[in-house]
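A short worksheet on the structure shown next.
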Amino acid sequence: MLDDVAVDTAGQNLAIPTGNPADCAAGGTTPTQPLLNPLPDPTPSTLGIEVTELAQLPESETTPATQDQRLVRHNRITHLDEIPDGSGRLMVPDNNAVLYTVDKDTGAYVPYLDVREQFLDNFHNSAGLGTGLGSAEFHPDFAENGLFYTVHTEGGTALTEDTPDYPAYGNTQFHSVVTEWKATDPSAEVFSGTSREVLRVPFAGRVHTVQQIAFNPTVSEGDADYGNLYVLVGDGGNGVGNGNPQNLATPQGKIFRIDPLGDDSANGRYGIPADNPFLGTPGALPEIYAVGMRDPHRISWDPEGDHTMYLGHIGEWQVESVYAVEPGDNFGWSVREGPFLADNRQIFPLPADDAGNGFTYPVAAYDHNRDPGQTGDAGVALNGGFVYRGDIPELRGRYLFTDLVRGWVLATEQDEMVRSDGDLDDLAEIEHLRVFADGQETTFQELVGDQRVDLRFGSDADGELYLVAKANGKIWKVTGARRVTASSPVALPELAGNLVAHYDFDHPVQGAPTWEADQGWSGTDVQLVNGGVEMRVADRAYPGAGEALQTQQMSPGASSNDDWKAGVYDPEGVDSLGAFADADEISVMGWFKPTGEHPALNSGSADPDDRYNAIGLAGVLTGDSDGHAVRALLEVITVGDELKLVALGRRVDGGGSWTFAADMPWDQILERNRWVHLAATFDFAGGEMKLYMNGEELEGRYTASNPWGAGATSPTDPRGIKIGGSFPQDAREANPFHGRMDDLMFLDVVPTPEQIAAQYALFGAEPVEPPAPPSCAPAGEPITDVMGAEHWAPRTPSKWQFPGDRIVLAEAGTDPGDGIRRPFEYAVLTEGPELGSFALDAEVRLDAPASVNNRDVIVVFGWQSDTQYYYAHLSQDNTIYAHNGIFKVDGKDRERIDDQWDGAVGAPPAVTDEEWHDVRVVRCADSGDVAVYVDGLDTPLLTANDTTFGEGRVGFGSFDNTGSLRDLVVTPAEEPAGVALDVAVAPRCLAGTAYLAVAATNASDVPADVTLTTAFGSRTVADVQPGASAYQSFATRATALEAGSVSVTATAVVDGEEVSSEVVVEHAAHACG
């Protein structure tokens, strides 16, 4: 609504929201329930206009200063036409006072005539959006006769001293005055000459007065319409709930057609064209050309064809309309608003017998998306435009117009604008065009720096278009057009024009990093819900990929609404997703990588073991969705008694869904910790759905028959997109996906199987070779039950807690400050021996919140001292050298040694949530192999090879955060197989000579060759049976025996392999005699 504020000098209507007495006039009975938003919103288009700034006109202000902030503009320029004298001058009126001329080549402007100055006593411009110098128009013979016309608003003494030419309706508060000016020299830069009043129209309100005056530029001299002036007379803001706009005896709510050079009118100052349609109607004003309007804002004529006149009509509370005008038309106001019955500020379907009323209905229309009972300015007002027949091929044949408040540029195809009986299906589709300035896409709100633009089209004599805006007082020329396509290099070129939305999670919205910028053509940005910027993680789905989106359940054990997901939601429908309204085809595709357990625990259930029956991936919502119901969805749901990957479609809002399920088990398609590209296609018009995996079609079946038949979807704009779970507006948690996504694409077409394959191939994905497993499998006696404080040696004991079931680093450590960059705090396990090869299994938790990007825990191993050890760093971040890798500290700053770091990005993030995670570290001392596993996966997340430290102790801590560890089991290497020996050594004396007696008993289950070795000789005894001994008494040939040792080795065959053992026994000194 442009302006619904009428003058109330007595102050009796201050409680009325609009200040307009007629707005609260009694209405009729309500025949049915009112219609809510019955018309589709303008469809976002890939087509855009290129504009170039032509002129900046001066500032101006109302006199006196207005109290209505909508009138506080840079200036109030409202119209643009070319003066028909071949001079190349454009005429641009400013409501506040001045009529400007502007050179259409250079933009140079001249104040041609100050109209306010000519009518200073009564000129009114300070209340009412259209008051002041409302319009101007130059006679087609201006070059010869010097005539032009203006319309302005008067109040003050004019109300008592000047008599209107027509009957009033209500208490007259303002006059609209049409004046003829005669220039002494038509070519002069500034006006000089005379003027006369042509006509004066009374109004009870300050709005919807005379909006435009215009000559038909498509006719030539000799044509019956040549030189006739059309005068667009509004209803004065007083047309609601009464019949005045239908009354042929009053001027309000009509289009006049007069001959300003004639003299057969009632006042003798103009003529009545002989073919005016109501000349023969008793009691009718002969000037009337069409009837039944609220705010007939702008008219224009198609330069080609039958030169149809088009009217842009501003609606009351619901509908903005474009009409194709013919003589005698009745547009139905105020019992009709657009193609609807209007009653008591609501709209309803047309009655069955409507044809008998003879009303004319729009050829194009859109609604306000107004809620029942909503009052005030809806910020929606259609300004009429022009059928373009100029030099820009992409625009030819389109009727271009604006929503002037919001600064939208809109368009319809002229050949779709067909007069009808009010059938909504006959309305032409309206496109919302893009805007480009200086090579960059923008909006007029951005160009003027204001949410209220006040934008209107104008045209020159060649049919080229211009735009004027009150907000900043500028004029732009439309200099070109372009189509936008997807901006991503990974979009298949032949599908780019259909790529409505595309999210690669590498493009945060400037100034709003928790939103992701759409790389498709619709500009539908999505919000990263609950996790914000931490949801972007470096995990490459394919070579060259950037960041991916992490979605996940955050509180599986408690009823909560903090799951990480993404999407956009608007209960009124997301305008930019209009391509999915009344859609024949939709497709959803993208990369997916499960990283957690699925399906997730049902956090809303009292049963702690209950799980959701679906896993949310990505989909387009219906036009009536609460955030869960979908029009086109790629998801895992329960089909029968098992989970299946499905394409789930819902063609009709509020109707049942239809499901196509893949035959392959879902967890073989969505294999944990492995990227896969999936696509779901929905041919609604053809009644067919398909699924694809890595570019190849998946076999599957429909779970039921099509519940709604073939055809386009409901014509409503989707309420949004959901990603990684339901309810993108964050109303509640449902079906969370614990994993990563990338390059999500939403298309308004079903690609062919060949195009699906080509799109997948374009990513250049290659098979990923998993890291080689470590070369050992430690299987010795496990070390367990070590959660007590007595088993640990922390660097800083005061920072640790040992509640018995876990160990807790409760306070972040501090930098050792000795110049060696290494972890700040850890505790070493003192139980058991130092370890060479081992396997460590435990559960760890990062206790810093997930909003802390650099949070971490570390697992220490090979520890020999505070400056000599290895550690595995497990982190949410993997984009800097110090994070999420395997490191060595050896008397200097930690050194990264893992295989996954490529100089910019390391292994995928180890932990992204706040839950416990299984961790396994395997170390092979002989080979130097190290492998780190997370969450029970068979493939290691991190690998390294280093032999600096052969053995050492293990531990737990954090570089500079907090964390916890529980259920620790350390498994050392198994003792090597060998021959068990019991060895006895006894020094003896015989005849004053010292002897050394050695006995070795075979304690194994197999025969062995045993060798006894001393400083005095050796002896080998072959095939010593189990339980038997090898014995020898070695003579020293001395009277005394010094302390020393005896070595006994045994060799045997065990399980087909030769094994050996060695036992060394110390003996004391011994003297004889």
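Worth a mention:
- Dividing the Cα radius of gyration of segment 789-972 by 2.2 N^0.38 Å, with N the residue count, gives 0.92.
- Ranked by how many other beta carbons lie within 10 Å on average, peptides 749-760, 457-468 from highest: 457-468, 749-760
- Restricting the calculation to Cα atoms, segment 21-480 yields a radius of gyration followed by a Dmax of 20.6, 62 Å.
- Hz values of 3J(HN,Hα) by residue in segment 952-965 - Karplus curve (6.51, -1.76, 1.60), Gly and Pro given as x: x, 9, 9, x, 8, x, 8, 4, 8, 10, 10, x, 9, 9
- Extension gain, residue 1025 to residue 638, is 132.7 nm, computed as 0.36 nm per intervening residue step minus the present C-alpha separation.
- Value of [θ]222 nm, deg cm²/dmol, for the chain, DSSP H segments ≥ 4, -39500 (n - 2.57) each, nearest 500: -500 deg cm²/dmol
- Ranked 1010, 380, criterion: other C-beta atoms within 10 Å, fewest first: 380, 1010
- Counted over all Cα-Cα pairs of segment 905-969, pairs farther apart than 15 Å make up 63 percent.
- Taking every DSSP beta bridge that has both ends in the chain, the antiparallel portion is near 95%.
- Bridges between two residues of segment 789-972, per DSSP, are antiparallel at a rate of about 100%.
- Centre-to-centre, using Cα atoms only, segment 656-698 and segment 613-629 are separated by 16 Å.
- Label point distance in nm, residue 893-residue 220, each placed 7 Å from Cα along Cα→Cβ: 8.5 nm
- Across segment 308-438, the relative contact order, built from alpha-carbon pairs under 8 Å that are at least six residues apart, equals 24 percent.
- Shape call, segment 981-1071: gyration tensor on alpha carbons, a/c limit 1.5: prolate
- Cα-based Lys pair tally, the chain, threshold under 29 Å, eight or more apart or on separate chains: 20
- Rounded to 10°, Cα long-axis angle of helix 753-762 versus longest principal axis of the chain: 60 degrees
- Ordering 746, 123 by the number of other Cβ atoms within 10 Å of each residue's own Cβ, fewest first, gives 123, 746.
- Per-residue HN-Hα couplings for segment 83-91 [Karplus 6.51, -1.76, 1.60; θ = phi - 60°; Hz; x = Gly/Pro]: 5, x, 10, x, 7, x, 8, 9, 10
- Centre-to-centre separation between the Cα atoms of segment 1038-1073 and those of segment 139-162: 128 Å.
- Shown is the FRET efficiency for residue 975 and residue 605, computed with R0 = 56 Å from the Cβ-Cβ distance and rounded to the nearest 0.05: 0.70.
- A simple packing score, the average count of other Cβ atoms within 10 Å per residue, orders the peptides 887-896, 944-953, 290-299 as 290-299, 944-953, 887-896, with the highest score first.
- Separation of alpha-carbon centers, segment 729-750 and segment 52-114, rounded to whole Å: 50 Å
- Exposure proxy ranking for 701, 73, based on other Cβ atoms within 10 angstrom of each Cβ and starting from the fewest, stands as 701, 73.
- Extending 7 Å from the Cα toward the beta-carbon at both residue 485 and residue 793 defines two label points whose distance is 6.7 nm.
- Computed from backbone phi with θ = phi - 60° and the Karplus coefficients 6.51, -1.76 and 1.60, the 3J(HN,Hα) list for segment 691-706 is 10, 9, 10, 6, x, 10, 5, 8, 5, x, 8, 7, 7, 6, 7, 4 Hz; x is used for glycine and proline.
- Cβ-based charge dipole, the chain, positive-most Cα from 397, 643, 198: 643
- Under a 5 Å amide H cut-off, with hydrogens placed 1.01 Å from N, residue 97 pairs with 133 among residues at least 5 apart or on other chains.
- Per-residue packing, averaged as other Cβ atoms within 10 Å, sorts the ranges 252-261, 447-456 into the order 252-261, 447-456, beginning with the highest.
- Gyration tensor analysis over the Cα atoms of segment 91-221 returns equivalent ellipsoid semi-axes of 26, 16, 14 Å (largest first, whole Å).
- Ratio of Rg to Rh over segment 741-850 (Cα coordinates, Kirkwood Rh, two decimals): 1.22
Quick note: the coordinates plus some simple rules give every number you see, no bench work behind them. The model shown is predicted, which means the values in this text are computed figures rather than measured ones. We place every Cβ from the backbone using ideal geometry, glycine too, and count neighbours over all the protein chains shown.
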